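Novice: Take this structure, written in structure tokens, and hold onto it; I'll ask about it next.
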Amino acid sequence: METKEILKKVRKIEIKTRRLSDHIFSGEYHTSFKGRGMTFSEVRQYQYGDDVRAIDWNVTARYNEPFVKVFEEERELTMMLMVDCSGSESFGSKNQFKNEIVTEIAATLAFSSTQNNDKVGLILFSDEIELFIPPKKGKSHVLRIIRELIEFKPKSKKTDLAQALKFLSGVMKKKAIVFLISDFMTKEYEHTLKIASKKHDLTGIRVYDKREETIPNLGMVNMLDAETGESFLVDTNSKSVRMNYEKHYKDNVKYFTDTFSKCGAGTVSARVDESYVTKLLGYFKARN
């Protein structure tokens with residue numbers, strides 16, 4: 001893509017997702033994800049109903065009347081967007097590819113975080129760490145993240161969620177809000193997820209296409225594995241072939257939901273031809 005075309009795409013996504021985050025998600029995001037704790041704000045005169053444990057005895061003694069300490073939530077947070085950029089994310093059977101929806105979801109979440117003056121960072125991964133953008137504040141930083149999501153070309157097409165989660169635990173020493181966005185068509189990441197979810201507030205967002213769930217009966221079909229590049233003939237007329245494929249798909253989905261639940265992490269499943277807005281909003285409200 002030429003620079004002019006990329007900037008046009010970035011602007012288009014900004015307009016759409018900024019509107020969503022401004023009018024729909026910012027309030028829900030704020031109440032769903034809490035700050036690191038309470039920080040001292042000011043001292044004021046005691047009022048009827050105040051907790052006596054909040055009395056500042058030094059100030060009270062000085063002025064010979066009761067004063068209390070006022071605390072407020074330490075609001076500043078850090079959001080990390082972990083985005084799967086492997087080959088399977090390029091699949092799409094309707095109007096949009098999975099990676100286009102992934103970009104929109106990530107952009108909406110990023111703008112929601114900036115509404116609350118939080119930092120946001122990005123990890124793009126395949127079976128290796130393709131790109132790491134450390135967390136920063138500001139609109140220009142979010143636009144850089146969106147641009148990378150649009151134009152970045154990964155070196156590998158394979159997926160390794162465990163490797164990505166291990167990297168997260170290594171670079172993020174303080175608690176962060178983490179959104180792991182993938183189709184989760186892989187397993188063997190329970191151990192690293194358990195470690196990461198103990199430190200961070202982690203949510204897995206599964207983006208999928210309805211056509212991935214089953215194979216239609218189309219006879220002999222030449223299929224391409226988007227992650228390995230391997231091409232092979234498949235007899236879709238065979239009932240056992242279709243059943244094995246469906247079982248493999250359902251096993252991966254079950255592993256995703258069961259593993260995240262076991263580790264105390266949240267989950268959202270968003271189908272490309274349905275509104276991810278409804279799914280995210282429902283998730284935020286359920287957390288409240």
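The values are calculated or read from the model by the stated rules, or taken from the named source; none is laboratory data. Values in this document were obtained by computation on a predicted structure and should not be read as measured data. Because the Cβ atoms are built from the backbone with ideal geometry, glycine has one as well, and the counts that use them run over all protein chains shown. Accessible surface areas use protein heavy atoms only, side chains included; no ligands, DNA or RNA. Shrake-Rupley method; radii C 1.70, N 1.55, O 1.52, S 1.80 Å.
Novice: What do you reckon, is S140 of a type in the set (S, T, N, Q) and farther than 24 Å from E230 by Cα? Before you say what the answer is, go through the steps one by one.
Specialist: Numbers: of a type in the set (S, T, N, Q): yes; farther than 24 Å from E230 by Cα: yes.
Judged against the criteria, S140 is a match.
Novice: Just one of the numbered conditions (1) part of a helix (DSSP H, G or I); (2) without any contact (Cβ under 8 Å) to a residue 12 or more places away in the chain; (3) over 25 Å from C263 (Cα atoms) is not true of G170; which one?
Specialist: (3)
Novice: Would you mind stating whether L165 is more than 24 Å from R271 (Cβ to Cβ), among the hydrophobic types (A, V, I, L, M, F, W, C) and open to solvent by 20 Å² or more (accessible area, probe 1.4 Å)?
Specialist: Numbers: more than 24 Å from R271 (Cβ to Cβ): yes; among the hydrophobic types (A, V, I, L, M, F, W, C): yes; open to solvent by 20 Å² or more (accessible area, probe 1.4 Å): no.
No, not satisfied.
Novice: Could you tell me which numbered condition V241 fails, if it satisfies all but one of (1) within 29 Å of C85 (Cβ to Cβ); (2) β-branched (V, I, T); (3) surrounded by 13 or more Cβ atoms within 10 Å (Cβ to Cβ)?
Specialist: Only one criterion is unmet by V241, namely (1).
Novice: Give the residue, chosen from N222, N244, that is part of a helix (DSSP H, G or I) and more than 17 Å from the chain's Cα centre (by Cα).
Specialist: Numbers: N222 fails: part of a helix (DSSP H, G or I).
After applying the criteria, what remains is N244.
Novice: Right, something else. Please find, within the range 9-38, the residue that is modelled with the highest pLDDT out of those that are of a type in the set (K, R) and under 23 Å from D201 (Cα atoms). Working first, answer last.
Specialist: Taking the range 9-38 first, the residues of a type in the set (K, R) are 9, 11-12, 16, 18-19, 34, 36.
Checking which are under 23 Å from D201 (Cα atoms) leaves us with 34, 36.
Working: K34: 62, R36: 52.
The extreme case among them is K34.
Novice: Considering only the range 262-281, state which residues are free of Cβ contacts under 8 Å to residues at least 24 places away in the same chain and either within 15 Å of the chain's Cα centre (by Cα) or exposed (fewer than 12 other Cβ atoms within 10 Å of the Cβ) (or both). Explain how you work it out, then say what you get.
Specialist: So in the range 262-281, the residues free of Cβ contacts under 8 Å to residues at least 24 places away in the same chain come out as 274-275, 278-279.
Answer for the range 262-281, where residues must be free of Cβ contacts under 8 Å to residues at least 24 places away in the same chain and either within 15 Å of the chain's Cα centre (by Cα) or exposed (fewer than 12 other Cβ atoms within 10 Å of the Cβ) (or both): S275, T278, K279.
Novice: Please tell me if E89 is assigned to a loop (DSSP other than H, G, I, E, B) and at pLDDT below 90.
Specialist: On the way: assigned to a loop (DSSP other than H, G, I, E, B): no; at pLDDT below 90: yes.
In short, no.
Novice: When K254 is evaluated against the numbered criteria (1) more than 30 Å from K173 (Cβ to Cβ); (2) open to solvent by less than 70 Å² (accessible area, probe 1.4 Å); (3) at pLDDT 95 or above, which criterion, by number, is the only one it fails?
Specialist: Every condition holds for K254 apart from (2).
Novice: Still on this model: In this structure, is K174 open to solvent by 80 Å² or more (accessible area, probe 1.4 Å), farther than 27 Å from K187 by Cβ and not hydroxyl-bearing (S, T, Y)?
Specialist: Details: open to solvent by 80 Å² or more (accessible area, probe 1.4 Å): yes; farther than 27 Å from K187 by Cβ: yes; not hydroxyl-bearing (S, T, Y): yes.
In short, yes.
Novice: Kindly establish whether L109 is closer than 30 Å to K210 by Cβ, of a type in the set (A, V, I, L, M, F, W, C) and not in a loop (DSSP other than H, G, I, E, B). Working first, answer last.
Specialist: Values: closer than 30 Å to K210 by Cβ: yes; of a type in the set (A, V, I, L, M, F, W, C): yes; not in a loop (DSSP other than H, G, I, E, B): yes.
Yes; evaluated as a whole, the condition is true for this residue.
Novice: Right, another one. Name the one entry in F152, F184, F179, F125 that is farther than 18 Å from V268 by Cβ, modelled with pLDDT of 95 or more and either open to solvent by 70 Å² or more (accessible area, probe 1.4 Å) or among the hydrophobic types (A, V, I, L, M, F, W, C) (or both).
Specialist: On the way: F152 fails: modelled with pLDDT of 95 or more; F184 fails: farther than 18 Å from V268 by Cβ; F179 fails: farther than 18 Å from V268 by Cβ.
From the options F152, F184, F179, F125, the qualifying one is F125.
Novice: Residues L193, L202, L165, L180: which one is over 30 Å from K8 (Cα atoms), touching a residue at least 24 places away in the same chain (Cβ under 8 Å) and assigned to a strand (DSSP E or B)? Write out each step before concluding.
Specialist: Working: L193 fails: assigned to a strand (DSSP E or B); L165 fails: assigned to a strand (DSSP E or B); L180 fails: over 30 Å from K8 (Cα atoms).
Only one candidate passes the filter, namely L202.
Novice: Could you give me the residue pairs with C-beta distances under 6 Å whose first residue belongs to the range 111-134 and is more than 20 Å from F184 (Cβ to Cβ), whose second residue is among the polar types (S, T, N, Q) and in a strand (DSSP E or B) wherever it lies, and which are 6+ apart or on separate chains?
Specialist: K119/T78
Novice: Moving on. Just one of (1) hydrophobic (A, V, I, L, M, F, W, C); (2) within 26 Å of the chain's Cα centre (by Cα); (3) modelled with pLDDT of 80 or more trips up A54, so point out which.
Specialist: (2)
Novice: Within the range 215-228, is even one residue touching a His at 6+ places or on another chain (Cβ under 9 Å), under 27 Å from A265 (Cα atoms), surrounded by 13 or more Cβ atoms within 10 Å (Cβ to Cβ) and of a type outside the set (K, R)? Explain how you work it out, then say what you get.
Specialist: Going residue by residue through the range 215-228, those that are touching a His at 6+ places or on another chain (Cβ under 9 Å) are none.
Checked the range 215-228: no residue is touching a His at 6+ places or on another chain (Cβ under 9 Å), under 27 Å from A265 (Cα atoms), surrounded by 13 or more Cβ atoms within 10 Å (Cβ to Cβ) and of a type outside the set (K, R).
Novice: Can I ask one more? With (1) out of contact with any strand residue (DSSP E or B) (no Cβ under 7 Å at 6 or more places or on another chain); (2) open to solvent by less than 30 Å² (accessible area, probe 1.4 Å) as the list, and S113 as the residue in question, which single condition is left unmet?
Specialist: (1)
Novice: While we're here: T228: in a loop (DSSP other than H, G, I, E, B), more than 15 Å from M79 (Cα to Cα), touching a residue at least 12 places away in the same chain (Cβ under 8 Å) and within 17 Å of the chain's Cα centre (by Cα), yes or no? Steps first, please.
Specialist: Details: in a loop (DSSP other than H, G, I, E, B): yes; more than 15 Å from M79 (Cα to Cα): yes; touching a residue at least 12 places away in the same chain (Cβ under 8 Å): yes; within 17 Å of the chain's Cα centre (by Cα): no.
Judged against the criteria, T228 is not a match.
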